[in-house]
Amino acid sequence: MLVNMLFARFKAIYTHKFASAYSNPDEVKLAKREWAIALKGFQEPLLAYAVERTKETYAWPPTISEFLKLINTAYKAYGLIDPRSAYKEACACRVDPLTFRWSHPAVYFAGADTGWYKLKSEEERVTWPLFEQAYLKIIDRVIAGERLSVPKVVMIEDKHTLDITTLAQQIAEQMEMTEEAVAPLLYYTQKTPGSGIRQRYRELSQAKLTKLGFHGRLPN
């Protein structure tokens, strides 16, 4: 549907120049198929922006490569980076995302929707499609005018003597949950300090709490 709309815009903009580029129905059908493959995943607001830039840039209908370059300028117009660059940024900063200075909050939220633990533990073939889907949805929100901001870190008191009861109480108060619901997520505190298994359980608990809306950091 979007490719049909795009071709209709090109036809209106370039008139006989567009007609001469696609002289028969078979060529139009084949061209639309190639454009559909190339533009898969891009949403209408980005395509509309790129069409406006096309009118300013090209005297003849653009090639797919030329149009994709204009889409990248559309990301920049909204202060965003392209999905692939956003994925690389999220993967590079997945260990402690709340303390990183993101190029745009959309990258953080796409990483959070994908799952920081998943970005750390799963292969790219698994995480890239999930991240791309999440990022494109968030881009739509940004283009629609929504303002995003990365949550501020709320530090939990980190004392070696901090017991599970006190920690559960602190988190429960911040999350407006019961201590009984929080306590199972603090099982990692019963493992040997500094051990790999303790760190793994802590990361799992941190991921679950973050998904529930917790913006603090669990003590090691």
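Numerical summary
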{"item": "Residue within the stretch 89-100 that is of a type in the set (S, T, N, Q) and in the same structural domain as TRP128 (by the TED database) present", "result": "yes"}
{"item": "Close pairs (6 angstrom Cβ cut-off, 6 or more residues apart or separate chains): open to solvent by 50 Å² or more (accessible area, probe 1.4 Å) in the stretch 191-204, not in a helix (DSSP H, G or I) anywhere", "result": "ILE197/LYS191"}
{"item": "Any chance SER23 is part of a loop (DSSP other than H, G, I, E, B), more than 23 Å from PRO129 (Cβ to Cβ), without any contact (Cβ under 8 Å) to a residue 12 or more places away in the chain and not hydrophobic (A, V, I, L, M, F, W, C)", "result": "yes"}
{"item": "So ALA8, is it outside the structural domain of GLN133 (by the TED database) and exposed (fewer than 14 other Cβ atoms within 10 Å of the Cβ)", "result": "yes"}
{"item": "Selection count, the stretch 93-112, where residues are modelled with pLDDT of 90 or more and part of a helix (DSSP H, G or I)", "result": "7"}
{"item": "Subset of the stretch 176-210 [over 23 Å from PRO151 (Cα atoms) and either in the same structural domain as GLY115 (by the TED database) or not in a helix (DSSP H, G or I) (or both)]", "result": "LYS191, THR192, PRO193, GLY194, SER195"}
{"item": "Top-ranked residue of the stretch 66-103 - restricted to ones that are of a type in the set (Val, Ile, Thr) and more than 23 Å from ARG125 (Cα to Cα), ranked as surrounded by the most Cβ atoms within 10 Å (Cβ to Cβ)", "result": "ILE71"}
{"item": "Selection within the stretch 91-105 - without any contact (Cβ under 8 Å) to a residue 60 or more places away in the chain and touching a Pro at 6+ places or on another chain (Cβ under 8 Å)", "result": "none"}
{"item": "Within the stretch 55-74, tally of residues that are under 19 Å from ILE37 (Cβ atoms) and not small (Gly, Ala, Ser)", "result": "11"}
{"item": "Members of the stretch 120-147 that are farther than 19 Å from LEU80 by Cβ and either at pLDDT below 90 or in contact with a Cys (Cβ under 9 Å, 6 or more places away or on another chain) (or both)", "result": "LYS120, SER121, GLU122, GLU124, THR127"}
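Condition check ((1) small (Gly, Ala, Ser); (2) without any contact (Cβ under 8 Å) to a residue 40 or more places away in the chain; (3) part of a helix (DSSP H, G or I)) across all residues:
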{"residue": "LEU6", "(1), (2), (3)": "no, no, yes"}
{"residue": "ILE13", "(1), (2), (3)": "no, no, yes"}
{"residue": "LYS29", "(1), (2), (3)": "no, yes, yes"}
{"residue": "ILE37", "(1), (2), (3)": "no, yes, yes"}
{"residue": "PRO45", "(1), (2), (3)": "no, no, yes"}
{"residue": "ARG53", "(1), (2), (3)": "no, yes, yes"}
{"residue": "GLU66", "(1), (2), (3)": "no, yes, yes"}
{"residue": "ILE71", "(1), (2), (3)": "no, yes, yes"}
{"residue": "ALA74", "(1), (2), (3)": "yes, yes, yes"}
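The values are calculated or read from the model by the stated rules, or taken from the named source; none is laboratory data. Just so you know, these numbers come straight off a predicted model, no measurement behind them. Cβ sites come from the backbone with ideal geometry, for glycine too, and all protein chains shown count toward neighbours. Calculation scope for accessible area: heavy atoms of the full protein, side chains included, ligands and nucleic acids excluded. Shrake-Rupley method; radii C 1.70, N 1.55, O 1.52, S 1.80 Å.
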